[in-house]
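Chemist: Here it is, the structure, as structure tokens.
The values are calculated or read from the model by the stated rules, or taken from the named source; none is laboratory data. On a predicted model such as this, the values are computed, not experimentally measured, just so you know. All Cβ positions, glycine included, derive from the backbone under ideal geometry; neighbour counts span all protein chains shown. Ligands, DNA and RNA are stripped out before the accessible areas are found, and what is left, the full protein with its side chains, is counted by its heavy atoms. Shrake-Rupley method; radii C 1.70, N 1.55, O 1.52, S 1.80 Å.
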Amino acid sequence: MRRNDVIKGFRIGIPIGMGYFAVAFSLGIIAKQAGLTAAIGFVSSFFTRASAGEYGVYTLVAAQATYAEIVAMCLVVNLRYMLMSAALSQKLAPGTSWFHRVLMACCVTDEIFGISIARLGYCPPAYTYAAALVSTLMWASGCAAGIVAGGMLPTAIVAALSVALYGMFLAIIMPPARSDRNVLYAVVASFVLSGVCSVAPLVRNWSSGTRTIVLTILIAAAAAWMRPVKTEEEEEKHG
């Protein structure tokens, strides 16, 4: 049964990895501009596997931010993985060792969480490990390939490829913004306040990383306080 779980994990991890390679290639372009080598890009991508988190790290590295700013940014941007790990723990069979629980939590990405939580019955660790391994290798390889390409391609093409990542972020935020006005308001507020803070007295002297962290926390807190998401029980209660 464990062998079958590994095979199924590899099979479903390959198409995920192919998508990862394309996105990570664009991240590699950003990493090259930050001065990272292909080897460093491969290692950092292998252990991070988060597009927004890596983009933030490479941007802060390019801006010569402090270690504290980089760590704080990663914690804020990747907080959702803590919730995903907690939800995934409910899909593990009773008696699963703490070692497997911790290691599976380290494997969590949006896509790996999705296939693991959607599996019927309990999710065997071998299934998640196999899918995470093949997709992670392709993710890290994509970043390394982007760094190499960034050093070989003409400047105009590198600049054009670096825009691809911004397109990916727009593709992520636009659909929920169109279907939920609260999300739209938060997105608009982030754009406006980011522009204001870049020219406002005192705040403009902060590093871009610090401004991003502060704005992320403030806007998210304001949105959660003013427009909290109702649970199913609350929706049924209020009709």
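Chemist: Select one label from [x] 61, 58, 32; [y] 53, 42, 34; [z] 52, 42, 40: the one whose number is Cα extents along the principal axes in Å as derived from the coordinates shown.
Modeler: Step by step, Cα extents along the principal axes in Å for this structure corresponds to label [x].
Chemist: With all protein chains present and a 1.4 Å probe, how do Lys91, Lys32 order by accessible area, largest first?
Modeler: From most exposed to least exposed: Lys32, Lys91.
Chemist: At 1.4 Å probe size, with no ligands or nucleic acids counted, give the accessible surface of Met226 in Å², nearest ten.
Modeler: Accessible surface of Met226 is approximately 130 Å².
Chemist: Here's a follow-up. Hey, can you list the DSSP H helices of the chain whose Cα span along the axis is 18 Å or longer and whose average Kyte-Doolittle score is at least -0.5?
Modeler: 2-33, 125-152, 155-179, 181-197, 208-226
Chemist: Run the accessible area of the chain with a 1.4 Å probe and give the carbon-and-sulfur part as a rounded percent.
Modeler: For the chain, the apolar C and S fraction of the accessible surface comes to 70 percent.
Chemist: A further question on this structure: With the chain treated as a Gaussian network of Cα nodes joined by springs under 10 Å, which of Ala140, Ala87, Ala132 yields the largest mean-square fluctuation?
Modeler: Of Ala140, Ala87, Ala132, the Gaussian network model singles out Ala87 as fluctuating most.
Chemist: Could you provide, to the nearest whole Å², the per residue accessible area of the chain with probe 1.4 Å?
Modeler: Averaged over the residues of the chain, the accessible area is 60 Å².
Chemist: Name the residue, out of Val57, Val187, Val43, whose mean-square fluctuation peaks in a Gaussian network model built on the chain with Cα pairs under 10 Å.
Modeler: Highest fluctuation of the listed residues: Val187.
Chemist: Please state the relative contact order of the range 1-78 as a whole percent: Cα pairs under 8 Å, 6+ residues apart?
Modeler: Contact order relative to length: 27 percent.
Chemist: Would you mind telling me which residue in Tyr67, Tyr127, Tyr55 has the biggest mean-square fluctuation in a Gaussian network model of the chain, where springs connect alpha carbons within a distance under 10 angstrom?
Modeler: Tyr67
Chemist: Right, next: Which value at 222 nm does the chain reach when only helices count, each DSSP H run of 4 or more adding -39,500 (n - 2.57), with the total divided by all residues and rounded to the nearest 500 deg cm²/dmol?
Modeler: Numbers: 12 runs with 188 residues, N = 239.
The per-residue figure over the chain is -26000 deg cm²/dmol.
Chemist: Which distance in nm do the two modelled labels at Ala63 and Val102 give, with both placed 7 Å along the Cα-to-Cβ direction?
Modeler: 3.4 nm
Chemist: Something else now. Multiplying the sequence separation of Ala222 and Arg181 by 0.36 nm and subtracting their Cα-Cα distance, what value in nm do you get?
Modeler: Computed gain between Ala222 and Arg181 is 13.3 nm.
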